[in-house]
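Before any comments, here is the structure.
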Amino acid sequence: MSHTSKFPPLKYTTATLPTDLPVGTVALDTTTNEHKSFNGSSWDVIEGGGIGTPTIVFDSPSSYDQIQGDIPDAWKQLDASLKGLVIGTSCNTIGVQGFIGCTDLTGRLVIPDSVTAIGIRAFENCIGLTSLTIGNSLTSIKKNVFYSCTGLTGPLVIPDNVTSIDISAFDGCTGFDGTLTIGNGVTSIGDKAFQNCSGLTGPLVIPDNVTTIAFNVFNGCTGFTSLTLPNTIELLDRSAFNGCTGFTGPLVIPNSITVINNGTFLNCSGFTGSLTIGNSVTNIGPFTFNNCSGLTGSLVIPDSVITIGVYAFGECTGLTNVDCYVEKSVLDVEGSLYLTGVTTIHVRSTDSTWTAGAGQTIGGKSGITVIKDL
């Protein structure tokens, strides 16, 4: 249940602001032309954030709208007049598209601990918001909730109580310029959840409870510096880390993973160590590691692998050798080794599909010597 009312705020000068009003009272300071909230002893400037009892939105310096309880669907959608927002502790749910397209809404956005659910697209395209704090009672971040909130800056912390991050939840939030912390309670991360969050920095650590890295989930996140995948992941979906050029160090695919889909690590040119493929991988999709030009040394293809897609390792110029435990037809597909640095392939001595000798062309790479000694 909710109740809404619109009325002019109380007005005082800075010198006459009283100190005997209920906590959460909002007033306009006419000296500074700022909305302020009474915290019990002093007055805090409201800049699009904070926590109060009712939820309050500021339409202009002279009026605001107040709602007690939950925020209904589409309450302030496309209202370009809104300048500030205080989500009150009386609010448990924020409705679908509640503030979508409120492009002039500015300042901090604080989701208080009272909020347990936020509807899809609730803050989509609120480009003026500058920082985000998510409360400790929210369990799911729904589809497109913060889509294209390009003004959000600083780090992004997903609390441990959140279990799912849905499709495009933070897609296009290009302004974040700190680290990403994904809480240990997260089990599901949807397609494009963090796509093009290009300013997120530091190490990317996927929690242990996640089993699938979805389509395009971190596509274009160029600022991450390292990647840690847990031993619980079974599927790396299409283009999951495409264009994450900031990753450095080695790349380890855990033994729990069975499928690496198309273009998962396409254009991750910053990796600077070896590539280790876990011994449970059965499928490596087309362009999976294409243009991971910084990967170096020897590549081991375990005997669990059944298919390798076209150009899977193409343009991995730092790879010089392959220890191959699969038949020739699995590796020798279009462009699989195109423009790599591979000069030798070691194969099983008992594998009749391979012929030992120099000067062979395998996967689009010529001048390879095949050695049957594994």
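As for segment 280-294, it holds at least one residue that is modelled with pLDDT of 95 or more, closer than 15 Å to Val322 by Cα and part of a loop (DSSP other than H, G, I, E, B). The single condition among (1) at pLDDT 95 or above; (2) in contact with a Ser or Thr (Cβ under 8 Å, 6 or more places away or on another chain) that Leu109 does not satisfy is (1). Report, by residue number, each residue of segment 225-263 that is under 18 Å from the mean Cα position of the chain (by Cα), assigned to a loop (DSSP other than H, G, I, E, B) and of a type in the set (Gly, Ala, Ser). Across segment 225-263, the qualifying residues are Ser239, Ala240, Gly243, Gly246, Gly263.
May I ask you to say which residue of Gly359, Gly364 is of a type in the set (Gly, Ala, Ser), over 17 Å from Pro250 (Cα atoms), touching a Ser or Thr at 6+ places or on another chain (Cβ under 8 Å) and touching a residue at least 40 places away in the same chain (Cβ under 8 Å)? Criteria check complete, one pass: Gly364. Could you list, in sequence order, all residues of segment 155-202 that are among the charged types (D, E, K, R) and either over 19 Å from Glu124 (Cβ atoms) or touching a Leu at 6+ places or on another chain (Cβ under 6 Å) (or both)? Result: Asp160, Asp177. Residues in segment 186-224 that are surrounded by fewer than 21 Cβ atoms within 10 Å (Cβ to Cβ) and assigned to a strand (DSSP E or B): Ser188, Thr201, Gly202, Pro203, Val205, Thr212. Set side by side, the residues Thr307, Thr232 differ, and just one is modelled with pLDDT of 95 or more and either over 18 Å from Ala193 (Cβ atoms) or not aliphatic (A, V, I, L, M) (or both), which is Thr307. Filtered by the rule that a residue be within 11 Å of the chain's Cα centre (by Cα) and on the phi < 0 side of the Ramachandran plot, segment 180-198 gives Leu180, Thr181, Ile182, Ile189, Gly190, Asp191, Ala193, Phe194, Gln195, Cys197, Ser198.
Can you say whether Leu266 is assigned to a strand (DSSP E or B) and either touching an Asp or Glu at 6+ places or on another chain (Cβ under 8 Å) or within 17 Å of Asn216 (Cα to Cα) (or both), as far as the supplied structure shows? No; evaluated as a whole, the condition is false for this residue. Of all residues in segment 295-321, those satisfying the criterion of being among the β-branched types (Val, Ile, Thr), surrounded by 20 or more Cβ atoms within 10 Å (Cβ to Cβ) and part of a strand (DSSP E or B) are Ile301, Ile308.
The combined condition, being without any contact (Cβ under 8 Å) to a residue 60 or more places away in the chain and either crowded, with 19+ Cβ neighbours inside 10 Å or under 21 Å from Asn219 (Cα atoms) (or both), is not fulfilled by Ser81.
The values are calculated or read from the model by the stated rules, or taken from the named source; none is laboratory data. Quick caveat: nothing in here was measured; it's all calculated off a predicted structure. Reconstructed Cβ throughout: ideal geometry from the backbone, glycine too, with neighbour counts over all protein chains shown.
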